[in-house]
Amino acid sequence: MKEYPVNLKIDYSEQSDRLTAILRLILVIPIVIILALISTYAEALSLAIAMMILFKEKYPKWWFDWNIGITKFTYRIAAYVLLMRDEYPATDHEQSVKITIPYPDVKNELKRWMPLVKWILVIPHVIVLLFLFAGVVIATIFALLAILFTGRYPKGIFDFVEGFLRWTLRVSAFALLLTPDEYPPFRLKE
């Protein structure tokens, strides 16, 4: 099986903090407000990037770096909210959430017309991911109960939620970050 160029890996921790697990939805409020304030610009930037690829065959590196930084920040918050990591999400370094999204050589790796249809092409992924999200919510509730009783996040649940986040990242990279042009696989695994 060919490895997809976009990937996510979250370090598994043997122990989880019971107290912060209970308070997680409250503790995350300040950092989610920060994310909401900056992500509005990231979504608008996606349209600008599509225009640049379409008309100029360019993807400015600083725009790419900005989008990757916000994407990494978003996934650190997701890992925290979904109880996968106990450290509070940092705004400036990776922590234990590792994301790989290669910077594209636009003229050789991206097709000019693809930004026009990528949003349509991901509709089947979005439908599947919506159903999987319901499973992630239920799995996270079970994980919370396991953390409260055992102090551990069950590895099987962790792998499922990590797979969901990986799949979501691949779809997001394809449709919003507009890199790569290779269609994302329908799978949770790496």
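Highlighted here are the helices (runs of 4 or more DSSP H) found entirely within region 104-161 that include at least 1 residues which are hydroxyl-bearing (Ser, Thr, Tyr): 123-150. Among all residues of region 39-54, there is at least one that is closer than 24 Å to Ser96 by Cα and either touching a His at 6+ places or on another chain (Cβ under 8 Å) or not charged (D, E, K, R) (or both).
Name the one entry in Leu116, Leu130, Leu110, Leu82 that is modelled with pLDDT of 95 or more and either more than 15 Å from the chain's Cα centre (by Cα) or surrounded by fewer than 19 Cβ atoms within 10 Å (Cβ to Cβ) (or both).
After ruling out the rest, the residue left standing is Leu130.
Please determine, by comparing only the residues of region 41-76 that are over 19 Å from Ala90 (Cα atoms) and within 16 Å of the chain's Cα centre (by Cα), which one is surrounded by the fewest Cβ atoms within 10 Å (Cβ to Cβ). Applying the filter and picking the extreme gives Glu43. Regarding Leu169, is this residue within 30 Å of Phe55 (Cβ to Cβ), modelled with pLDDT under 95 and either over 15 Å from the mean Cα position of the chain (by Cα) or assigned to a helix (DSSP H, G or I) (or both)? No: the conditions fail for Leu169.
Could you grab me the full set of residues in region 1-45 that are assigned to a helix (DSSP H, G or I), hydrophobic (A, V, I, L, M, F, W, C) and closer than 16 Å to Ser172 by Cα?
Selection gives Ala42, Ala44, Leu45.
The values are calculated or read from the model by the stated rules, or taken from the named source; none is laboratory data. Not measured: the values here are computed from a predicted model. Heads up, the Cβs are rebuilt from the backbone with ideal geometry, glycines too, and the neighbour counts pull from every protein chain shown.
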